[in-house]
1. Given [x] 1.12; [y] 1.03; [z] 0.97 as candidate values of Cα Rg over 2.2 N^0.38 Å, which corresponds to the one derived from the coordinates?
2. Can you give the charge dipole size of the chain about its Cα centre, rounded to the nearest 20 debye, using +1 on the beta carbon of Lys and Arg and -1 on the beta carbon of Asp and Glu?
3. How large a share of the accessible area of segment 7-77, in percent, is made up of carbon and sulfur atoms when the probe is 1.4 Å and the other protein chains stay in place?
4. For Arg67, Arg20, give me the order by solvent-accessible area with a 1.4 Å probe, most accessible first, ignoring ligands, DNA and RNA.
5. For the chain, with every protein chain kept in place, what is the accessible area per residue (1.4 Å probe, Å²)?
6. Using +1 at the Cβ of each Lys and Arg and -1 at the Cβ of each Asp and Glu in the chain, identify which of Leu58, Gly40, Thr17 lies farthest towards the dipole's positive end.
Amino acid sequence: MEIRLSDLQGKEITTFTGERLGHIKDLILESTTGELQTLGIDSDGFVPEGYELDGEGLLNLPFGTVRSVKDMVMVQL
């Protein structure tokens with residue numbers, strides 16, 4: 001399945017347990033391989049244990065936490 005980066009921007013992020021984390025604001029790629037590494041989430045206020053907001057107020061989640069991409073993005077933390 002093919003997904004464009006532009007399709008991810010703005011998508012809602014939720015956990016499998018139903019917490020809404022916010023919307024994708026930024027995507028960080030590895031410059032040499034193009035591999036997607038991090039999702040920058042414009043937080044809705046819920047910050048999962050073990051994570052914190054960066055200097056720009058974004059919640060940064062490793063792309064490896066993504067489990068499903070459909071109408072929203074589901075992550076497992």
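The values are calculated or read from the model by the stated rules, or taken from the named source; none is laboratory data. Because the structure is predicted, anything quoted here is derived from the model rather than measured. FYI the Cβ positions are ideal-geometry reconstructions off the backbone, even for glycines, and counts take in every protein chain you see. Keep in mind that these areas ignore ligands, DNA and RNA; they rest on the heavy atoms of the full protein, side chains included. Shrake-Rupley method; radii C 1.70, N 1.55, O 1.52, S 1.80 Å.
1. Answer by label: [y].
2. Details: 6 positive and 14 negative charges, 54 e Å.
It comes to approximately 260 debye.
3. Carbon plus sulfur share of accessible area: 46 percent.
4. Details: Arg67 125, Arg20 145 Å².
Sorted by accessible area, descending: Arg20, Arg67.
5. On the way: 5130 Å² over 77 residues.
I get 67 Å² per residue for this part.
6. Thr17
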